[in-house]
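The values are calculated or read from the model by the stated rules, or taken from the named source; none is laboratory data. These numbers come from a predicted model, not from an experiment. Here the Cβ positions follow ideal geometry from the backbone for every residue, glycine too, while neighbour counts run over all protein chains shown.
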Amino acid sequence: MERVRDVSELPKAHLHLHFTGSMRPTTLLELADKYGVRLPDALTSGEPPKLRATDERGWFRFQRLYDAARSCLREPEDIQRLVREAAEEDLKDGSGWLEIQVDPTSYAPRLGGLLPALEIILDAVETAIRETGLGMRVLVAANRMKHPLEARTLARLAVRYQDRGVVGFGLSNDERRGMARDFDRAFAIARDGGLLSAPHGGELTGPSSVRDCLDDLHATRIGHGVRAAEDPRLLRRLADRGVTCEVCPASNVALGVYEKPEDVPLRTLFEAGVPMALGADDPLLFGSRLAAQYEIARHHHGFTDEELAELARQSVRGSAAPQDVQAALLSGVDDWLSGPAA
Ligand SMILES: [Zn+2]
């Protein structure tokens, strides 16, 4: 019989997880208590909030909730806790490698400035690696709602901190604002410095935003990218170039990009040969973590254990993990598959 192996034991890499969004809901409540922050009801009800980010008001509401949660991270010990718990949650879900994404600018005011903020974050990652054993790295992400010059500063900083665990440069927030090419200089700085290019695209806007990421930012990975499914030629291009799409099914449904889990075009991308790395995006707001994304592939898209193993391999190959780490994870995937299916 198929479909009975535990996906939380399937070794995989997690390439799309935002910093504050990775927080445990219980930790958010404790931190809010610690600082006397009154959280919006949507963050305290114990149920993932209903969001409709396909219109700008819905996206704004999502950002406001995110900001409220972020405002509870005020001291280095809060950052240490967040990162350690993100690593623990990932390990529980079978992750062997986590790349967490952060815009240090938005933490800078409470942590003493941009440099101290990034240092505190990278220290926390080093500690979490040591304490949990999970391989972990950082993507520094610029905010496309801000001025491209800020993104350049961030790219230079990201390059400078490469030996401290920064592996890539991203671009997040509302795809409907600004053009990818406004950020081409920042991405050139990041790429020339040896970082991988992993902007968000093809989530809130269609295939053209994915093309822009490829043409203007020379993306080697795309955050989301699911809307590429609307353009067969683009799918071929992604497949030919081996550009990994960091697909986050639960997020897509929570934000209204797709109505139901079965509408997320996992099959279309998979059959087209586009490598995918399933990710949780913001578990705090969307209510599910990494293994749950593989469950969606299994239950809503009929992925067999062989196919789930292939998804896991794609996540590993799309990661910035060193060769020996990748090899160990890939052989773990084979072991999972050859193990008992009961
Ligand atoms: Zn994202």
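Look at region 14-36 and say how many of its residues are more than 15 Å from the ligand (Cβ to nearest atom) and either hydroxyl-bearing (Ser, Thr, Tyr) or loosely packed, with under 15 Cβ neighbours inside 10 Å (or both).
Residues that pass the stated criteria total 7.
Out of LEU255, LEU290, LEU278, which single residue is at pLDDT below 95 and within 16 Å of the ligand (Cβ to nearest atom)?
Working: LEU290 fails: at pLDDT below 95; LEU278 fails: at pLDDT below 95.
LEU255 is the lone residue from the list that is at pLDDT below 95 and within 16 Å of the ligand (Cβ to nearest atom).
Within region 114-199, considering only helices (runs of 4 or more DSSP H) that don't extend past its boundaries, which have at least 2 residues that are among the hydroxyl-bearing types (Ser, Thr, Tyr) and more than 16 Å from the chain's Cα centre (by Cα)? Even if it seems obvious, please write down each step before you answer.
Details: elements: 114-132, 148-160, 184-192.
So the answer is 114-132.
Residues in region 220-242 that are in a loop (DSSP other than H, G, I, E, B) and out of contact with any Cys (no Cβ under 9 Å at 6 or more places or on another chain): how many?
We begin by selecting, within region 220-242, every residue in a loop (DSSP other than H, G, I, E, B); these are 220, 225, 231, 242.
Those still in the list that are out of contact with any Cys (no Cβ under 9 Å at 6 or more places or on another chain) too: 220, 231, 242.
Final tally of qualifying residues: 3.
When TRP59 is evaluated against the numbered criteria (1) in contact (Cβ under 8 Å) with a residue 24 or more places away in the chain; (2) touching a helix residue (DSSP H, G or I) at 6+ places or on another chain (Cβ under 8 Å), which criterion, by number, is the only one it fails?
Unmet condition: (2).
Taking into account only those residues within region 173-217 that are hydroxyl-bearing (Ser, Thr, Tyr) and out of contact with any Asp or Glu (no Cβ under 7 Å at 6 or more places or on another chain), which is surrounded by the fewest Cβ atoms within 10 Å (Cβ to Cβ)? Walk me through how you get there before you give the answer.
Here is the first cut: in region 173-217, the ones hydroxyl-bearing (Ser, Thr, Tyr) are 197, 205, 208-209.
Within this subset, residues satisfying the condition of being out of contact with any Asp or Glu (no Cβ under 7 Å at 6 or more places or on another chain) are 197, 208.
Numbers: SER197: 22, SER208: 16.
The residue in question is SER208.
Filtering region 200-219 down to residues that are assigned to a helix (DSSP H, G or I) and charged (D, E, K, R), which residue is nearest to the ligand (Cβ to nearest atom)?
Checking each candidate, the answer is ASP212.
Would you mind stating whether SER197 is in contact (Cβ under 8 Å) with a residue 24 or more places away in the chain, within 13 Å of the ligand (Cβ to nearest atom) and of a type in the set (Ser, Thr, Tyr)? I'd like the intermediate steps shown before the answer.
Numbers: in contact (Cβ under 8 Å) with a residue 24 or more places away in the chain: yes; within 13 Å of the ligand (Cβ to nearest atom): no; of a type in the set (Ser, Thr, Tyr): yes.
In short, no.
How about region 8-111: which helices (runs of 4 or more DSSP H) wholly inside it have at least 2 residues that are under 20 Å from the mean Cα position of the chain (by Cα)?
Numbers: elements: 25-35, 56-70, 76-92, 108-111.
Because the criterion is at least 2 residues that are under 20 Å from the mean Cα position of the chain (by Cα), the helices (runs of 4 or more DSSP H) in region 8-111 that meet it are 25-35, 56-70, 76-92.
When GLY225 is evaluated against the numbered criteria (1) crowded, with 17+ Cβ neighbours inside 10 Å; (2) more than 23 Å from ARG70 (Cα to Cα); (3) more than 13 Å from the chain's Cα centre (by Cα), which criterion, by number, is the only one it fails?
Result: GLY225 fails condition (3) only.
With the condition kept exactly as written, say whether any residue in region 322-331 is closer than 27 Å to CYS213 by Cα, more than 16 Å from the ligand (Cβ to nearest atom) and not in a helix (DSSP H, G or I). Working first, answer last.
Residues of region 322-331 closer than 27 Å to CYS213 by Cα: 322-323, 326.
From what is left, the residues that are more than 16 Å from the ligand (Cβ to nearest atom) are 322-323, 326.
Next, only the ones that are not in a helix (DSSP H, G or I) stay: 322.
Yes, the conditions are met somewhere in region 322-331.
Looking at region 190-234, which of its residues are of a type in the set (D, E, K, R) and within 23 Å of ASP282 (Cβ to Cβ)?
Kept after step one, since they are of a type in the set (D, E, K, R), are these residues of region 190-234: 191-192, 203, 211-212, 215-216, 221, 227, 230-231, 233.
Within region 190-234, GLU203, ARG221, ARG227 qualify.
Looking at region 1-47 only, could you name the residues that are among the aliphatic types (A, V, I, L, M) and over 19 Å from PRO249 (Cβ atoms)? Reasoning before the result, please.
First pass over region 1-47, keeping only residues among the aliphatic types (A, V, I, L, M): 1, 4, 7, 10, 13, 15, 17, 23, 28-29, 31-32, 37, 39, 42-43.
Residues satisfying the conditions are MET1, VAL4, MET23, LEU28, LEU29, LEU31, ALA32, VAL37, LEU39, ALA42, LEU43.
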